[in-house]
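Student: Below is the structure I would like to discuss, written out as structure tokens.
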Amino acid sequence: IDSGAFSAFQKGELVSWEKVFFAYECVLGWTDNPGALSIVAPDVIGDQSATLDLWAVHAERVRTWITAGARVIIPLQRGELSAGEMLAHAKRIFQTDQFCAGIPSNLAAMSAEDCATLHHHDFHLLGRVVINAELGDKLRALLANNPDAIYTADANWLRSRIKEISLAAKEMRQAPADNPFETSRTRAVRAILRLDPYHQQPGPSGARQSELTYGT
């Protein structure tokens with residue numbers, strides 16, 4: 001579950017953190033498997049200093065989510081500190097290293113050199129992600145120091161094709177289904193996958209490459 005900080009930043013709005021935390025804690029309180037829940041800690045997009053201040057204010061609350069078993073993603077915003085130094089501050093503020101380090105890939109995205117300063121066991125790529133040479137350099141820098149870490153991302157093929165899937169599902173609602181237990185959306189996803197598989201996207205030079213696009 002994302003905090004909505006990036007969308008708020010784009011709109012020039014302030015995040016209502018109490019509303020965000022209420023949503024997190026409702027889901028966390030009702031789930032039987034908190035380890036399968038990922039939530040994003042509060043941050044200020046592109047502002048390392050303000051993010052550190054926000055962490056200090058909400059540190060105790062964030063620790064309760066970690067203690068409850070959620071995978072808490074801590075966004076490492078760029079600034080005067082290196083990513084490694086920012087991560088060290090996060091461990092000190094939250095008094096644990098049992099969280100996921102969030103790597104921004106949108107505004108003020110982290111460089112490969114900055115990624116090379118990180119030593120951790122769990123990483124998540126935040127924002128819109130396209131696998132290209134630049135991202136490849138970042139991932140190699142992370143992998144060099146953290147070969148056994150967990151790596152995940154916001155991005156997914158499905159999210160990037162919502163419009164196409166919605167249009168196809170609308171058409172399929174009018175057509176008879178081979179399997180009456182399948183929804184029109186399920187059939188639409190299958191149809192779009194056949195036409196446009198995520199691993200068959202052309203790269204900048206015409207080569208085939210994987211594509212990941214911004215999730216939630």
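The values are calculated or read from the model by the stated rules, or taken from the named source; none is laboratory data. This structure is a prediction, so every number in the text was calculated from the model and none was measured. Positions of Cβ are generated from backbone atoms using ideal geometry, with glycine treated the same way; all protein chains shown enter the neighbour counts.
Student: Checking Ala144 against (1) assigned to a helix (DSSP H, G or I); (2) within 29 Å of Ile1 (Cβ to Cβ), which single condition isn't satisfied?
Tutor: (2)
Student: Another question, then. Considering only residues that are outside any loop (DSSP other than H, G, I, E, B), touching a Leu at 6+ places or on another chain (Cβ under 9 Å), of a type in the set (A, V, I, L, M, F, W, C) and crowded, with 18+ Cβ neighbours inside 10 Å, which ones fall in the stretch 46-80?
Tutor: Leu52, Trp65, Ile73, Ile74 - these are the residues of the stretch 46-80 that are outside any loop (DSSP other than H, G, I, E, B), touching a Leu at 6+ places or on another chain (Cβ under 9 Å), of a type in the set (A, V, I, L, M, F, W, C) and crowded, with 18+ Cβ neighbours inside 10 Å.
Student: Follow-up. For residues in the stretch 153-209 being in contact with a Ser or Thr (Cβ under 7 Å, 6 or more places away or on another chain) and surrounded by fewer than 15 Cβ atoms within 10 Å (Cβ to Cβ), which is modelled with the lowest pLDDT?
Tutor: Looking at the filtered set, the residue picked out is His199.
Student: Taking the condition of a type in the set (Asp, Glu), buried (at least 18 other Cβ atoms within 10 Å of the Cβ) and within 17 Å of the chain's Cα centre (by Cα), does Asp43 pass?
Tutor: yes
Student: Can you name the residue in the stretch 5-40 that is assigned to a helix (DSSP H, G or I) and in contact with a Gly (Cβ under 7 Å, 6 or more places away or on another chain) and, of all such residues, is surrounded by the most Cβ atoms within 10 Å (Cβ to Cβ)?
Tutor: Across the stretch 5-40, the extreme among qualifying residues is Phe6.
Student: Quick check, is Asp122 under 28 Å from Pro34 (Cα atoms) and either crowded, with 20+ Cβ neighbours inside 10 Å or in contact with a Cys (Cβ under 9 Å, 6 or more places away or on another chain) (or both)?
Tutor: So Asp122 passes the test.
Student: Among the residues of the stretch 145-195 satisfying the criterion of being over 23 Å from the mean Cα position of the chain (by Cα) and of a type in the set (Asp, Glu), which is nearest to Thr117 (Cα to Cα)?
Tutor: Going through the qualifying residues, I end up with Glu182.
Student: Report every pair of residues separated by at least 6 positions or lying on different chains whose Cβ atoms are under 7 Å apart, first residue within the stretch 45-58 and in contact (Cβ under 8 Å) with a residue 60 or more places away in the chain, second in a loop (DSSP other than H, G, I, E, B) and surrounded by fewer than 19 Cβ atoms within 10 Å (Cβ to Cβ).
Tutor: Within 7 Å, the pairs are Ile45/Leu107; Gly46/Leu107; Gly46/Ala108.
Student: Report yes if Ala90 is within 23 Å of His119 (Cα to Cα), in a helix (DSSP H, G or I) and not β-branched (Val, Ile, Thr), otherwise no.
Tutor: Yes; evaluated as a whole, the condition is true for this residue.
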